[in-house]
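Visitor: Sending over a structure as structure tokens; questions will come in a sec.
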Amino acid sequence: MDITVQWIRTSWTKQSRGGKPAARRNAIPVGFPLPPALASCAHVVRIREWEDFQPRDTVEDLAKVDVQLCESNGRLRVFPRVQPLFALPPRARRPPAVRLAPGQWVRWQLNYRFSSAAGMQDWYYWLDTFNIAYGPAATDLFLGAPTFLVDEQGPVR
């Protein structure tokens with residue numbers, strides 16, 4: 001069965017934590033139109049503060065996406081991997097994986113914060129949004145409401 005993956009990573013620094021830059025960052029969509037023919041590939045969108053929050057998209061191999069995908073018994077198990085623990089904001093615990101039936105899709109969001117090892121540089125942040133559909137997907141699928149929404153964002157101070 002087809003698996004459609006869109007991975008959106010938004011990156012910013014402390015300069016975009018408030019005011020107009022934060023409003024601009026918060027206005028970034030959580031879904032984008034899909035390019036045609038994504039067989040065994042992922043639509044990857046990178047949005048960076050230092051590129052004026054302009055989306056840059058590519059098509060990449062599914063193996064490069066930070067998410068576990070496993071088909072079993074007519075369902076797709078979806079569970080994003082997390083980066084090293086030093087990058088996570090505090091979270092109570094991770095939610096369980098989502099199991100998609102054909103025709104369903106999930107939007108899963110995780111955020112991170114980083115600093116230099118010595119703490120000498122400002123914090124920087126990123127938000128990963130995974131839009132994943134099980135089965136064929138129209139190009140505008142991820143512009144609508146998902147079947148499942150998992151918001152795993154923690155406080156970034």
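Bear in mind these aren't lab numbers, they're just calculated from the coordinates by the rules spelled out. All values derive from a computational prediction rather than experimental measurement. With ideal geometry, Cβ positions are generated from the backbone for all residues, glycine too; neighbour counts draw on all protein chains shown.
Visitor: Name the shape class, rounded, prolate or oblate, that the alpha-carbon gyration tensor gives for region 3-152, where a ≥ b ≥ c are the square roots of its eigenvalues, rounded holds for a/c under 1.5, and otherwise prolate holds if a/b is larger than b/c and oblate otherwise.
Guide: The shape class here is prolate.
Visitor: Report the chymotrypsin sites (Phe, Trp or Tyr not before Pro) located in region 123-157 that are in a DSSP loop and have at most 16 other Cβ atoms inside 10 Å of their Cβ, or state none.
Guide: 123
Visitor: Residue 124: net charge of surrounding residues, Cβ under 9 Å, Lys/Arg +1, Asp/Glu -1, itself excluded?
Guide: My count for the surroundings of residue 124 gives 0.
Visitor: Is any residue of region 24-67 close enough, with backbone N under 13 Å, to a label point placed 7 angstrom from the Cα of residue 91 along the Cα-Cβ axis, and if so, which?
Guide: In region 24-67, the label zone of residue 91 (backbone N under 13 Å from the point 7 Å along Cα→Cβ) covers 67.
Visitor: In addition: Name the long-range amide H neighbours of residue 150: under 5 Å, sequence gap of 5 or more, or other chain; modelled H, no Pro or chain starts.
Guide: Distant-sequence amide H within range of residue 150: 107, 108, 109.
Visitor: Same structure again: Over the chain, what is the percentage of antiparallel beta bridges among all DSSP beta bridges, to the nearest 5?
Guide: Antiparallel bridges make up about 75 percent of those DSSP assigns within the chain.
Visitor: Could you list 28, 132 in order of exposure, starting from the residue whose Cβ has the fewest other Cβ atoms within 10 Å?
Guide: Listed from fewest to most nearby Cβ atoms, that is 28, 132.
Visitor: Can you list the HN-Hα couplings for region 62-74, worked out from phi with the Karplus curve (6.51, -1.76, 1.60; θ = phi - 60°), rounded to whole Hz and with x for Gly and Pro?
Guide: For region 62-74, the Karplus-derived couplings read 4, 5, 7, 7, 7, 8, 8, 10, 9, 8, 7, 6, x Hz, x marking Gly and Pro.
Visitor: Oh, and also: How much net charge surrounds residue 108 when only other residues with a Cβ under 14 Å from its Cβ are counted (Lys, Arg +1; Asp, Glu -1)?
Guide: Numbers: positive: 9, 77, 81, 91, 94, 99, 107; negative: 66, 128, 151, 152.
Residues near residue 108 contribute +3 overall.
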